[in-house]
1. Would you please classify the overall shape of the range 12-73 from the alpha carbon gyration tensor, given that a ≥ b ≥ c denote the square roots of the eigenvalues, rounded means a/c under 1.5, and beyond that prolate means a/b larger than b/c while oblate covers the rest?
2. Which angle between 0 and 90 degrees, to the nearest 10, do you get for helix 11-22 versus the longest principal axis of the chain when only C-alpha atoms count?
3. Can you give me the relative contact order of the chain as a percent, contacts being Cα pairs under 8 Å and 6 or more apart?
4. Under a point spin-label approximation (7 Å from Cα along Cα-to-Cβ), what is the residue 67-residue 33 distance to one decimal in nm?
5. Would you mind telling me which residue in 25, 11, 38 has the biggest mean-square fluctuation in a Gaussian network model of the chain, where springs connect alpha carbons within a distance under 10 angstrom?
6. Nearest 500 deg cm²/dmol is fine: what mean residue ellipticity at 222 nm does the chain get from its DSSP H runs of n ≥ 4 alone, each adding -39,500 (n - 2.57), divided by its residue count?
7. Compute a Gaussian network model of the chain, connecting alpha carbons closer than 10 Å, and tell me which residue from 17, 44, 65 fluctuates the most.
8. Compute the helix-to-body angle for 63-73: its Cα long axis versus the longest principal axis of the chain, expressed 0 to 90° and rounded to tens.
C-alpha cells in the first residue's frame, strides 16, 4: 500500500508544496535569494498554517522535498 499523495510523500507535503507554488506571496518568498531552504522559509513566514490548515511545522512534511522545491523555484 502506497502512502504517496499526488506524487508527494504525503498529504501534508503535497499541500505545502501546492501553496508554495500557487500562492503569489508564498511563491515570491521561495524565489528570494535570502530563503535558502525550508527552515529559512519557516522563520520568515508570518503565519503557521496553509489556508487548508496544514501546519508548516508539521513533522510529516518532507523537508528534503521542500528544500528541492525552493531550489527549483530559485533557478
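1. Verdict is rounded for the range 12-73.
2. Here the helix axis deviates by roughly 30 degrees.
3. Rounded, it is 37 percent for the chain.
4. 2.1 nm
5. Result: 25 has the largest fluctuation of those listed.
6. One gets -14500 deg cm²/dmol as the mean residue ellipticity at 222 nm.
7. Result: 44 has the largest fluctuation of those listed.
8. On a 0 to 90 degree scale, this one is about 50.
Coordinate-derived values only; no laboratory data. Since this is a predicted model, take the numbers as computed values, not measurements. Virtual Cβ from ideal backbone geometry, glycine too; neighbours counted across all protein chains shown.
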